[in-house]
Amino acid sequence: MISLPKGTKDVLPSDAHKWHYIEKVVREVAADYCVREIRTPTFEHTELFARGAGDTTDIVNKEMYTFDDKGGRSMTLKPEGTAGVARAFIEHSLYADAQPTKMYYITPVFRYERPQSGRLREHHQFGVEFYGSASPLADVEVMSLLDAVYRRLGIKGLVLHVNSIGCRECRKDYNAALKAYFGAHIDEMCPTCRERLDKNPLRILDCKEPTCRDVIKDAPVVLDYLCDDCRAHHHAVCKGLDELGIDYVVDTGIVRGLDYYTRTVFEFISSDIGAQGTVGGGGRYDHLLEDIGGKYCPAVGFGSGIERIMMTMEAQGLSFGDDPRPDVYIAPIGEAERLAAFKLAAQLRESGIHCDTDLLERSFKAQMKYANKIAARHLIVVGGDELASGIFKVKDMDKGSEESVARQDLAAYLVKTEK
């Protein structure tokens, strides 16, 4: 038997409605914020992610699924959604449209990492990208949107952690302070952090190794090194969150895992899904378009793992809505009525009725068992008398009641009873 690849997961029909429910809420909230959908390819040129995400990140160094196509070009399955959207923004001149440009996506992403609960090698994200606004209120709006999604799903107990990692100018002084501090503790840190010290000391703050965490807790604090503009931006973000009544904590340990971030970074963290409790996060990336060959354009956004949302909802016992049930099962009494039942089902489907009928040539008794098993709301029996008179008995499978309905009125009757 061929099994599914490690770090991937099948979504079975019994669970598909959970995905539909989450995606439906995402789309509804995005529409409330006037955010439109964008879809980008599953794979892109490798250079896009190396230049955008940063060649010192674990994603680029260790986790990307990269291959040469038949033309010898290096391609990579998307490890995150932002870089592809940025590329599309430049390539299709979306900067020439009325600004800001507000987009969302729902997409699979691929990272070769150790599979763990809620973090697979193929997982799914929804994300939002705002281009064209440097205002701190844009930062607040994307956090507000993500908060609205979680609230509409019924998720409780998430804590919004907010930080500022400054701009490229004020970060120079901070990086120098980090190098001096971590350099004095180099022998206490893991091999990965030793490599990061010269290349990108900010990445050390994101290390989860216990020995490194002990060193990190006394490291210089980024907020002490912000320039006046970055400090004002951060204060304005916090004030905007206060005005909207969105609870948050300022967490100087939040740096995110991608190099393109500047100023605001944030994460929504749950205590219900284990140590790796981040459900969604993002921040500002004002220089990303420049880094991948475009012109300067401020931007802010986030990504949120759908599997992690689902885990959180399941841990809290939340509802995903009802698993869809057939509106009606049409049961032919015998072989002579089978084609007529098949035709009636097709006609009802044209009216938007979720309809099922026999495809296995079951006996009438076996069909009754099947109708119960699939939890059909109604049952219509098709026999010679019904076909001759045009009058069908419609049984309500939940209540046990039964009514006689003319063929031409079946669709209207079923629609009415479903309301």
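The values are calculated or read from the model by the stated rules, or taken from the named source; none is laboratory data. Remember, it's a predicted structure, so these values are computed and weren't measured experimentally. Neighbour counts run over all protein chains shown; Cβ positions are idealised from the backbone, glycine included.
Whether any residue in the range 18-39 is of a type in the set (A, V, I, L, M), surrounded by fewer than 16 Cβ atoms within 10 Å (Cβ to Cβ), assigned to a loop (DSSP other than H, G, I, E, B) and out of contact with any Asp or Glu (no Cβ under 8 Å at 6 or more places or on another chain) is what I want to check. Spell out the reasoning first.
As a first pass, look at the range 18-39 and keep what is of a type in the set (A, V, I, L, M): 22, 25-26, 29-31, 35, 38.
Still in the list and also surrounded by fewer than 16 Cβ atoms within 10 Å (Cβ to Cβ): 31.
Checking the rest, the ones that are also assigned to a loop (DSSP other than H, G, I, E, B) come to none.
No: the range 18-39 contains no residue that is of a type in the set (A, V, I, L, M), surrounded by fewer than 16 Cβ atoms within 10 Å (Cβ to Cβ), assigned to a loop (DSSP other than H, G, I, E, B) and out of contact with any Asp or Glu (no Cβ under 8 Å at 6 or more places or on another chain).
Would you mention how many residues in the range 264-320 are polar (S, T, N, Q) and buried (at least 21 other Cβ atoms within 10 Å of the Cβ)? Spell out the reasoning first.
Step one: of the range 264-320, the residues polar (S, T, N, Q) are 264, 270-271, 276, 278, 304, 312, 316, 319.
Adding the requirement that they be buried (at least 21 other Cβ atoms within 10 Å of the Cβ) leaves 264, 270, 304, 312.
Adding up the residues that qualify gives 4.
Tell me which residues, restricted to the range 322-343, are surrounded by 12 or more Cβ atoms within 10 Å (Cβ to Cβ) and closer than 27 Å to Lys18 by Cβ.
If the condition is that a residue be surrounded by 12 or more Cβ atoms within 10 Å (Cβ to Cβ) and closer than 27 Å to Lys18 by Cβ, then Asp323, Pro324, Arg325, Pro326, Asp327, Val328, Tyr329 are the ones that fit.
For the range 123-182, name all the residues that are more than 24 Å from His287 (Cα to Cα) and outside the structural domain of Phe89 (by TED's automatic domain parsing). Don't jump to the end; show me each part of the working.
Initially, the range 123-182 is screened for residues more than 24 Å from His287 (Cα to Cα), giving 123-124, 147-160, 180-182.
Result: Ala180, Tyr181, Phe182.
Quick one: which residue in Asp218, Asp173 is over 24 Å from Arg263 (Cβ atoms) and either among the charged types (D, E, K, R) or touching a residue at least 24 places away in the same chain (Cβ under 8 Å) (or both)?
Values: Asp173 fails: over 24 Å from Arg263 (Cβ atoms).
On inspection, the qualifying residue turns out to be Asp218.
Just to verify a result, which residue in the range 31-64, among those that are out of contact with any Lys or Arg (no Cβ under 8 Å at 6 or more places or on another chain) and at pLDDT 90 or above, is nearest to Asn200 (Cα to Cα)?
Of everything passing the filter in the range 31-64, Glu47 is nearest to Asn200 (Cα to Cα).
What do you reckon, is Asp147 farther than 22 Å from Tyr260 by Cβ and either surrounded by 16 or more Cβ atoms within 10 Å (Cβ to Cβ) or modelled with pLDDT under 85 (or both)? Lay out the reasoning, then the answer.
Details: farther than 22 Å from Tyr260 by Cβ: yes; either surrounded by 16 or more Cβ atoms within 10 Å (Cβ to Cβ) or modelled with pLDDT under 85 (or both): yes.
The answer is yes for Asp147.
Does Ala346 qualify as being of a type in the set (Gly, Ala, Ser), surrounded by 21 or more Cβ atoms within 10 Å (Cβ to Cβ) and modelled with pLDDT of 95 or more? I'd like the intermediate steps shown before the answer.
On the way: of a type in the set (Gly, Ala, Ser): yes; surrounded by 21 or more Cβ atoms within 10 Å (Cβ to Cβ): no; modelled with pLDDT of 95 or more: yes.
No; evaluated as a whole, the condition is false for this residue.
Here's the yes/no breakdown for (1) aliphatic (A, V, I, L, M); (2) closer than 30 Å to Cys170 by Cβ:
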position	(1), (2)
Tyr260	no, yes
Tyr285	no, yes
Met310	yes, no
Phe342	no, no
Arg349	no, no
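If you check Gly253, Gly334, Gly301, Gly282, which single one turns out to be closer than 26 Å to Asn200 by Cβ, over 21 Å from the mean Cα position of the chain (by Cα) and not aliphatic (A, V, I, L, M)? First the steps, then the outcome.
On the way: Gly334 fails: closer than 26 Å to Asn200 by Cβ; Gly301 fails: over 21 Å from the mean Cα position of the chain (by Cα); Gly282 fails: over 21 Å from the mean Cα position of the chain (by Cα).
Being closer than 26 Å to Asn200 by Cβ, over 21 Å from the mean Cα position of the chain (by Cα) and not aliphatic (A, V, I, L, M) holds for just one of Gly253, Gly334, Gly301, Gly282, which is Gly253.
Confirm whether Pro108 is within 13 Å of the chain's Cα centre (by Cα), over 12 Å from Gly280 (Cα atoms), assigned by TED's automatic domain parsing to the domain that holds Val265 and surrounded by fewer than 21 Cβ atoms within 10 Å (Cβ to Cβ). Before you say what the answer is, go through the steps one by one.
Working: within 13 Å of the chain's Cα centre (by Cα): yes; over 12 Å from Gly280 (Cα atoms): yes; assigned by TED's automatic domain parsing to the domain that holds Val265: yes; surrounded by fewer than 21 Cβ atoms within 10 Å (Cβ to Cβ): yes.
The answer is yes for Pro108.
Can you find a residue that is in contact with a Ser or Thr (Cβ under 9 Å, 6 or more places away or on another chain) and charged (D, E, K, R) anywhere in the range 278-295? So that I can check it myself, show each step before the final result.
As a first pass, look at the range 278-295 and keep what is in contact with a Ser or Thr (Cβ under 9 Å, 6 or more places away or on another chain): 278-288.
Those left that are additionally charged (D, E, K, R): 284, 286.
Within the range 278-295, one or more residues are in contact with a Ser or Thr (Cβ under 9 Å, 6 or more places away or on another chain) and charged (D, E, K, R).
Does the range 374-386 contain any residue that is in contact (Cβ under 8 Å) with a residue 60 or more places away in the chain and surrounded by 13 or more Cβ atoms within 10 Å (Cβ to Cβ)? I'd like the intermediate steps shown before the answer.
First, the residues of the range 374-386 that are in contact (Cβ under 8 Å) with a residue 60 or more places away in the chain: none.
Looking for residues that are in contact (Cβ under 8 Å) with a residue 60 or more places away in the chain and surrounded by 13 or more Cβ atoms within 10 Å (Cβ to Cβ), one finds none in the range 374-386, hence no.
Are there any pairs, at least 6 apart or on different chains, whose C-beta atoms fall under 6 Å, with the first in the range 137-151 and within 20 Å of His235 (Cα to Cα) and the second among the polar types (S, T, N, Q), and if so, which?
So the pair list comes out as Asp139/Thr264.
Looking at (1) over 22 Å from Glu44 (Cβ atoms); (2) crowded, with 18+ Cβ neighbours inside 10 Å, which is the one condition that is false for Thr101?
In the conditions (1) over 22 Å from Glu44 (Cβ atoms); (2) crowded, with 18+ Cβ neighbours inside 10 Å, Thr101 misses (1) alone.
Tell me which residues, restricted to the range 239-263, are farther than 16 Å from Ala138 by Cα, at pLDDT 85 or above and either surrounded by 17 or more Cβ atoms within 10 Å (Cβ to Cβ) or among the polar types (S, T, N, Q) (or both).
Tyr248, Thr252, Ile254
Go through Leu359, Leu348 for me and flag whichever is closer than 30 Å to Tyr21 by Cα, within 43 Å of the chain's Cα centre (by Cα) and in contact (Cβ under 8 Å) with a residue 12 or more places away in the chain. Talk me through it step by step, then tell me what you get.
Values: Leu359 fails: in contact (Cβ under 8 Å) with a residue 12 or more places away in the chain.
It is Leu348.
Out of the helices (runs of 4 or more DSSP H) lying entirely within the range 226-337, which hold 1 or more residues that are more than 30 Å from Pro115 (Cβ to Cβ)? Before you say what the answer is, go through the steps one by one.
Working: elements: 228-244, 288-291, 306-315.
The helices (runs of 4 or more DSSP H) meeting that bar are 228-244, 288-291.
Grab the helices (runs of 4 or more DSSP H) fully contained in the range 349-419, keeping just those with 3 or more residues being among the small types (Gly, Ala, Ser) and more than 20 Å from Arg325 (Cβ to Cβ). If you could, list the steps in order and put the result at the bottom.
On the way: elements: 364-373, 384-389, 410-418.
Of the helices (runs of 4 or more DSSP H) lying wholly inside the range 349-419, those with at least 3 residues that are among the small types (Gly, Ala, Ser) and more than 20 Å from Arg325 (Cβ to Cβ) span 384-389.
Just one of (1) under 17 Å from the mean Cα position of the chain (by Cα); (2) in the same structural domain as Ala83 (by TED's automatic domain parsing) trips up Asp259, so point out which.
It is condition (1) that Asp259 fails.
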